[in-house]
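**Student:** Can you keep this structure in mind? I'll have questions shortly.
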Amino acid sequence: MAPKFPDSVEELRAAGNESFRNGQYAEASALYGRALRVLQAQGSSDPEEESVLYSNRAACHLKDGNCRDCIKDCTSIKPLLRRASAYEALEKYPMAYVDYKTVLQIDDNVTSAVEGINRMTRALMDSLGPEWRLKLPSIPLVPVSAQKRWNSLPSENHKEMAKSKSKETTATKNRVPSAGDVEKARVLKEEGNELVKKGNHKKAIEKYSESLLCSNLESATYSNRALCYLVLKQYTEAVKDCTEALKLDGKNVKAFYRRAQAHKALKDYKSSFADISNLLQIEPRNGPAQKLRQEVKQNLH
């Protein structure tokens with residue numbers, strides 16, 4: 001007697017998952033496809049279930065090297081990542097960049113998307129030159145509602161992302177940049193500086209971030225990005241950048257001052273006072289620092 005196939009969407013998805021785990025990707029793809037047909041035949045609106053099924057089938061296509069069908073099946077955050085991987089495999093770097101960038105609009109902690117942006121930025125700079133951004137397709141604007149929905153992903157997903165992000169940061173810090181990387185970093189930093197002068201701090205952060213992906217050896221790039229974070233009231237990020245800047249240059253006065261400002265905004269007056277005191281040891285006559293020290297002292301008592 002022929003084996004009886006499961007009838008419900010849940011059973012078909014579970015069977016597909018089992019086939020996928022066993023490396024039977026064509027069979028898994030067929031099961032996910034059947035689940036999609038059952039779901040559509042029911043006429044029920046379940047976008048989350050549909051997205052999972054498309055995402056899972058896209059993974060099967062990608063495992064089988066079927067990049068084109070993988071691209072067709074991609075419709076949301078997981079599929080977007082898989083579609084980006086497929087575009088990258090096909091060397092369609094502008095399209096891959098757009099998908100990775102879209103994912104980061106939804107959740108900027110997705111490490112695979114950060115790594116993808118890093119790879120695509122390098123590839124696009126090499127192939128299209130310094131004006132590569134002008135040659136990209138338009139990047140879809142993700143609604144705030146979608147951002148909130150994806151920001152409420154299960155906590156285990158965020159733990160995994162945080163673990164991956166830590167590994168990525170370590171890898172970046174341990175990499176020795178080439179002379180070409182250092183030059184690209186310098187150009188990107190200067191572009192960031194020009195954006196700051198124009199008051200476009202969000203775009204400046206992007207430039208400084210790209211610069212640091214090329215080379216993270218310049219203290220000023222961190223302290224410049226910290227200024228942008230301060231303006232945008234992202235004080236914790238400003239503290240982190242100033243700390244990185246000071247690791248590279250223990251006499252970076254701007255880093256001490258901006259970290260003191262950020263600590264003050266976070267009501268960590270003790271740390272703020274310590275930073276100002278260190279700054280004044282380097283530049284005793286620094287007027288803004290003297291003024292900030294007086295303000296912080298009032299809050300200490």
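The values are calculated or read from the model by the stated rules, or taken from the named source; none is laboratory data. Everything numeric in this text was worked out from a predicted model, so none of it was measured. Neighbour counts run over all protein chains shown; Cβ positions are idealised from the backbone, glycine included. Please note that ligands, DNA and RNA were not included when accessible areas were found on the heavy atoms of the full protein model with its side chains. Shrake-Rupley method; radii C 1.70, N 1.55, O 1.52, S 1.80 Å.
**Student:** At a Cα cut-off below 12 Å, give the aspartates and glutamates reachable from Lys203, other chains included and same-chain residues fewer than 8 away excluded.
**Tutor:** Counting by Cα, and skipping residues close in sequence, Lys203 has these aspartates and glutamates nearby: Glu191, Glu194.
**Student:** Contour minus end-to-end for Lys203 and Ser8, with contour as 0.36 nm per residue of separation and end-to-end as the Cα-Cα distance? Before the final figure, lay out the partial values.
**Tutor:** Numbers: separation 195, 0.36 × 195 = 70.20 nm, distance 4.81 nm.
Separation in residues times 0.36 nm, less the Cα-Cα distance, equals 65.4 nm.
**Student:** List, in order, the whole-Hz ³J(HN,Hα) value for each residue of the stretch 195-209 obtained from phi through the Karplus relation with A = 6.51, B = -1.76, C = 1.60 and θ = phi - 60°; use x for Gly and Pro.
**Tutor:** These are the phi-based 3J(HN,Hα) values: 5, 4, 4, 8, x, 9, 6, 5, 5, 4, 4, 4, 5, 4, 5 Hz.
**Student:** Which trypsin sites (Lys or Arg not before Pro) from the stretch 232-261 combine a DSSP loop assignment with at most 13 other Cβ atoms within 10 Å? Can you show the working numbers first?
**Tutor:** Values: sites: Lys233, Lys240, Lys247, Lys251, Lys254, Arg258, Arg259; in loops: Lys233, Lys251.
Passing sites in the stretch 232-261 are Lys233, Lys251.
**Student:** On to the next question. With every protein chain in place, what's the accessible area of Glu194 (1.4 Å probe, Å², nearest 10)?
**Tutor:** Surface open to solvent at Glu194 totals about 90 Å².
**Student:** Next up: Along the Cα-to-C-beta direction of Ser178, a point sits 7 Å from the Cα; which residues of the stretch 105-124 have their amide N less than 18 Å from that point?
**Tutor:** 118-124
**Student:** For the pair Gln42 and Asn17, how long in nm is the line joining their label points, each one 7 Å along Cα→Cβ?
**Tutor:** Once both label points are built, they end up 1.5 nm from each other.
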